[in-house]
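Some notes on the structure that comes next.
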Amino acid sequence: MPLEFSEIAGAAEDLNARREQRRKDKEPKTFEESRLELLLILEWARLRFADQEEPANAIVHGLVMRLNEFRNACDPAIWRELLPEAQRHSLGDYLLQDPFTRRSFDKPRGYSGDGVLLDLLYRHPSIEPRVAESSLLGQDIYAYTSISSSAVAVRERRDLLGEWVDETAARVRTPEILAIAGGHLRESEKSVALAEGRVGRWLSVDQDPANLAVVAEDYAGKAVETLAGSVKGLVAGTHDIGQFDFAYSAGVYDYLPDEAAVLLTRQILARLKPGGSFVFGNFSTEVIPDGYMETFMNWQLMMRTEAQMRALAEASVKGQDAQAEVFFGRNRHIVYARITRKS
């Protein structure tokens, strides 16, 4: 049952008393203390939605910041244990009216980051009817979540991929491009080289047939090809995909442990032509909406630090004639590795 304001005030006083006693005793935060603290955060937001006196963007922003701070301070094991309780909280009745949050939480294709969800992040014209079908509150929440810091980073990633394809086309005549788990391949819409017919082949490998169908329809008549394939198949080398001047993975590494990530990287490097490069991105540990994503979007990612990304890249090029560099996107929410094959 939702708490009334007087109950929340009493719970806050109890939490402060527990904190003070814990500090005196020099003891770590208990599960119950963490649980109460999270409950207060969720009730803070729920009451504000119920009062209808504040704009939705202000409420969601406050919730995102509080969840981020709480997650960062919480014991990881306790945080994982609290996730189901947060996801059952009645605050979700408000937040899940947002088509972006709802799409991730429901996972209609079995995973969060499908092509439709990315189109929602991109604010792509194709999803305008879906947004219009949402409640007014859902549209207001989407107006915030779709311009959050993580959404900005994803849109920048799309634009960068288009730029890197164009840079490749300036270096190589009719280059061959590989997209791993390409989704709806919206970065291709940002490529001047593709629009001008200066790309030889742009292959999108994806295991989701719905993603491939959109790519085949939207980019018919261009140099875009599709292949039904998985990361497992790429690692095993079972897909005969050819050689490439530029290859990239936008989001696959968010789900790969280090060993699998290195195996995939080495397989892709073997598919590069001399002078070709492979870029892969990963959400960094500096992502601010992480707590919101893991609770109300039910979206867990394997975020990496700059040092972890560098170690992954260096392990991938060991014994190869290749050079690796690691860098952040503008707001540091995505960290990239670029590996260039020298010969």
Qualifying positions in the range 40-58 - within 22 Å of W79 (Cβ to Cβ) and within 26 Å of the chain's Cα centre (by Cα): I41, L42, A45, R46
Filter the range 194-246 down to the residues that are of a type in the set (S, T, Y), crowded, with 19+ Cβ neighbours inside 10 Å and either closer than 27 Å to M309 by Cα or touching a Lys or Arg at 6+ places or on another chain (Cβ under 8 Å) (or both) and list them by number. S204
Looking for whichever is β-branched (V, I, T), farther than 27 Å from R330 by Cα and touching a residue at least 40 places away in the same chain (Cβ under 8 Å) here; the options are V199, V165, V154, V172. Which one fits? V172
For a quick check of your reading of the model, give me the residue pairs whose first member lies in the range 258-283 and is of a type in the set (D, E), whose second is in a strand (DSSP E or B) and buried (at least 24 other Cβ atoms within 10 Å of the Cβ), with beta-carbon atoms closer than 7 Å and at least 6 apart or on different chains. none
Tally, over the range 174-222, of residues that are among the small types (G, A, S) and either out of contact with any Leu (no Cβ under 9 Å at 6 or more places or on another chain) or in the same structural domain as Y122 (by TED's automatic domain parsing) (or both): 10
Taking L160, is it more than 26 Å from R46 (Cβ to Cβ), of a type in the set (A, V, I, L, M), outside the structural domain of V199 (by TED's automatic domain parsing) and surrounded by 16 or more Cβ atoms within 10 Å (Cβ to Cβ)? no
Identify the residue in the range 296-316 that is buried (at least 21 other Cβ atoms within 10 Å of the Cβ) and of a type in the set (A, V, I, L, M) and, among all such residues, is nearest to P108 (Cα to Cα). M297
Identify, please: which residue in the range 225-252 is at pLDDT below 95 and more than 25 Å from the chain's Cα centre (by Cα) and is, among those, farthest from Y111 (Cα to Cα)? D240
Out of A86, A17, I need the residue that is of a type in the set (A, V, I, L, M), modelled with pLDDT under 95 and out of contact with any Gly (no Cβ under 6 Å at 6 or more places or on another chain). Which one? A17
Before we move on, is S249 among the small types (G, A, S), assigned by TED's automatic domain parsing to the domain that holds L161, surrounded by 22 or more Cβ atoms within 10 Å (Cβ to Cβ) and touching a residue at least 40 places away in the same chain (Cβ under 8 Å)? yes
Answer yes if at least one residue in the range 171-180 is more than 15 Å from G197 (Cα to Cα), in contact with an Asp or Glu (Cβ under 6 Å, 6 or more places away or on another chain) and of a type in the set (D, E, K, R), and no otherwise. no
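The values are calculated or read from the model by the stated rules, or taken from the named source; none is laboratory data. Computed from a prediction, not measured in an experiment: that's the story for all the values here. Backbone-built Cβ (ideal geometry, glycine too); neighbour counts: all protein chains shown.
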